[in-house]
Amino acid sequence: MSQSRPVEVAPGIYWVGGTFANQGLQCNPYLLIDDQEAVLIDPGSILDFEEVWGNVCSLISPDQIRYVILHHQDPDLCSSVPLFEQRGCRFQLVTHWRTKMLVRYYGVSSDFYIVNSHQNQLKLTSGRTLSFLPAPYLHFPGAIMTYDALTQTLFSSDLFGAFSPFWTLEAPEDYLEQMKSFHEHYMPSNEVIRPVMESLMGLPILLIAPQHGSLIRNDIRMYIKALRDLECGAFLHSVRKNLDISGGYLASTEAVLKRYASLYGQSEAQRVLLESGFRADPDLRILPVLEADHQMWDMVSERMFARKGVEWLMTAEPLVERLAYEYEIPLPEVYTAHLARSNSELQRLSEENKSLLAARDRLAQNLIGVEQSMTHSQLTGLYNFPFFQNYLNEEIGAITAKGLQTNPALIVLSLDQIERIKYRYGDKEVDQLFKNTALLLEATQEDYQVYFKLPGSLFACYIPHAAKARAVEVAEELRNAIASSRKFVETVTASIGVVSLQELQPEEQQPSVASNRFYEIAQERVRIAKNKGKNRVCSNSSPEDTPSKCDILLVEPEQTVADVISVVLENMQYNVQRATDGEIALEMAGRYQPELILSEVMLPKMDGFSLRQELLLRSDTKSIPVLYMSHLKTEESVRRAMDLGVIHYFRKPLMLAELRGVISNLASKGERL
Ligand SMILES: [Fe+2]
Ligand SMILES: [Fe+2]
């Protein structure tokens, strides 16, 4: 059977899968179309690719696929990604970082969008937001689900999936049984599944769209509760039922029959029963027999095996084992004959079972905290150092392998007063300092920036794509936020190193060495910033290479006035640079690092007051002395100048003797001149 056309399952959401007769495990890719943008969800396997591709192309042009969501790393949902890439699609792979580690091995070349670095959200151009819900260990540590609030659709990946020998897109009536069977095999334990299902209870859901099995629209809470309470996986450990043994055989046979019917149909189940010498009502309740005993259990199991083979035995095995355990009856003979294991094997399994039970207990205790503690600093809540190393290796490795098509920047920040605060106030205050710094960093965080807590006094910020000038701006904002914060026990400052990946030498751009070198350069610049007096940003490893310094930056829009002042200052043997407006002055102050700035107050673009404020915000210009001059010299303007720490305010027209006198005076007082 081949499903040749896509099906709209919710407004703008299409099932775009392929189908194969009797494969038993249907895979469901979905396409979400939002205006001109499309998101492909769990695209599928190599086997389905041509059908899925045809379905997608019948709805949109493939270059509209901007994102591909991979809920975990299995081949039934990921292996077609390289085939989409080979057909020219350009998209980002949206997934958990743990999944990314494995998805790379399919040979994919697309960039990744790591959901944990984006508050588990993806915002589409229209503003529509998809949320990612963690489903750890169901059945991969980095498994996630996707929730679309607009249509209230939950893309649940393997959860809510089912074995489906006779697949239908909409869930059939007995879907619950099919679903249980799948989860018994593929999900690890009730302890793991329960909290995730409980987290879904409060979510408004109109449609569950799983990666296997069928769409669930009705009785959604009933399905969630069924999985919440399901005993599944290697940790099967159910309560023994208090039934006499004959009731046990009857209940077990009926339960297995019901499962068989859910997969192969009612009439097939009735036929098995007839061939075994029994009959049942339409609800598969076995009609009264004198005594239900092991013969019924054995014969019905034998007939099922005869008709559906080993595949059925294996499908039903978790259920049969659980029933035998619950009712304290032996396994059907067909199981002991066909799936018998040697004594030593049993011994090994029982040992393994013991250790699995112990592991289950540990897992249950640690599960909630495990993800957090493995990747985050307990103290600050930021990503920790092992995660940083891993993340940088992955990101920089991938970017350098592709010839630096993007240019990330790294900011490393060291708090300057750690030793002093430790000495004066003790370790607790240092911990508080780290916590407060993390809060400050998070408060300035923009989309795409990722923060880390590194060893000692270090923090880092990774910006996936930014011009270096922008990264320096971000670093200055951080430096200012810390230096002006009142959260600390006393004033705290930071020395900051900034590096952009494109600065690496060609021989350093090998994927194997690039991330180490990238981090090394940032650390080197932190040291330079410290050596130059702390509380500053360093973005250049060889400060000597910066343009030659000038003595005085003259900011004067009137050319004739500027000419006169320049002559006076040059006659005093000073090297003068000239700027005609506030913005140019700000840029030149950073570039030439003058010893003094002499500025008109009334300037185009940015007046003298704003210029001074901007200079104070930058670590390399904040200590340059500023002198004002203007025809405007009111009490108010002088007061503002004094508040800004301006050293002198000349009234225009200038008295040249006064100008010479003030500047000579400053030089003799050891100001920077
Ligand atoms: Fe899977
Ligand atoms: Fe799957």
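All of the numbers you see were taken from the coordinates with simple rules; none came from a lab. Just so we're clear, the structure is a prediction, and the values are computed from it rather than from any experiment. Note that we place each Cβ from the backbone using ideal geometry, even for glycine, and neighbour counts take in every protein chain shown.
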Between Gln86 and Glu321, what length comes free when the chain is fully extended (0.36 nm per residue of separation minus the Cα-Cα distance, one decimal in nm)? 80.0 nm
Cα-based Rg and Dmax for the chain, where Dmax is the largest Cα-Cα distance (Å): 35.1, 125
Between the Cα axis of helix 266-275 and the main Cα principal axis of the chain, the angle (0 to 90°, nearest 10) is 40 degrees
Find how much the distance from Ser267 to Gln523 grows on full extension, using 0.36 nm per residue of separation minus their present alpha carbon separation; answer in nm with one decimal. 84.9 nm
What FRET efficiency would be calculated for the residue pair Leu616, Ser131, taking the C-beta separation as r and a Förster radius of 41 Å, to the nearest 0.05? 0.45
Would you please report the Å³ per residue occupied by the convex hull of the alpha carbon atoms in the range 552-668? 94 Å³
Where the centre of each part is set by its Cα atoms, how far does the range 151-193 sit from the range 602-643, in angstrom? 68 Å
On a 19 Å Cα-Cα criterion, which of the cross-link pairs Lys428/Lys530; Lys534/Lys622; Lys422/Lys532 come out too long? Lys428/Lys530; Lys422/Lys532
With contacts defined as alpha carbon pairs under 8 Å and 6 or more residues apart, what's the relative contact order of the chain in percent? 6 percent
For the charge dipole of the chain, defined by +1 on Lys and Arg C-beta atoms and -1 on Asp and Glu C-beta atoms about the Cα centroid, which residue among Ile208, Gln389, Ile41 has the Cα displaced farthest towards the positive pole? Gln389
Within the range 170-199, what residues put their amide N at less than 20 Å from the label point 7 Å along the Cα-to-Cβ vector of Leu206? 170-171
Listed highest first by mean packing, meaning other Cβ atoms within 10 Å per residue, what order do 125-133, 97-105 come in? 97-105, 125-133
Val94 neighbourhood, Cβ < 12 Å, K/R = +1, D/E = -1, net charge +1
Which of the peptides 43-50, 425-432, 141-148 is most tightly packed, and how do the rest follow, going by the mean number of other Cβ atoms within 10 Å of each residue? 141-148, 43-50, 425-432
Extension gain from Val638 to Lys605, taking 0.36 nm per residue of separation minus the Cα-Cα distance: 9.8 nm
Under the rule of at least 5 residues apart or a separate chain, name every residue whose amide H is placed under 5 Å from the amide H of Thr380. none
Antiparallel bridges, percent of DSSP beta bridges restricted to the chain (to nearest 5): 55 percent
Hey, what number do you get for the chain at 222 nm if only DSSP H runs of n ≥ 4 count, each worth -39500 (n - 2.57), divided across all residues, to the nearest 500? -14000 deg cm²/dmol
Given unit charges at Cβ for Lys, Arg (+) and Asp, Glu (-), the dipole magnitude of the chain about its Cα centre in debye, nearest 20, is 2060 debye
GluC sites (Glu not before Pro) within the range 264-293, DSSP loop, no more than 12 other Cβ atoms inside 10 Å: Glu291
Output the 0 to 90 degree angle, nearest 10, between the alpha-carbon long axis of helix 511-531 and the longest principal axis computed from the alpha carbons of the chain. 40 degrees
How far is the Cα center of the range 195-232 from the Cα center of the range 297-328, in Å? 27 Å
Where the convex hull is taken over the Cα atoms of the range 7-235, what is its projected area averaged over directions, in nm²? 11.3 nm²
Residues of the range 637-663 with amide N under 14 Å of the 7 Å Cα→Cβ point at Thr560: 653-654
Using only Cα atoms, tell me the angle between helix 245-264 and the longest principal axis of the chain; keep it within 0 to 90° and round to the nearest 10. 60 degrees
For Lys308, go through the lysines and keep the ones whose alpha-carbon is under 22 Å away, minus same-chain ones fewer than eight residues off. Lys180, Lys258
Kindly state, to the nearest 0.05, the FRET efficiency for Asp283 paired with Arg5, given R0 = 45 Å and r defined as their beta-carbon distance. 0.80
Cα-Cα pairs in the range 61-144 separated by more than 21 Å, as a whole percent of all pairs, come to 27 percent
What nm value, rounded to one decimal, do you get for the distance between Leu102 and Glu311 when each label is placed 7 Å out toward the C-beta? 2.5 nm
So, by mean Cβ neighbours within 10 angstrom, what's the order for 479-491, 576-588, 153-165, 176-188 with the highest one leading? 153-165, 176-188, 576-588, 479-491
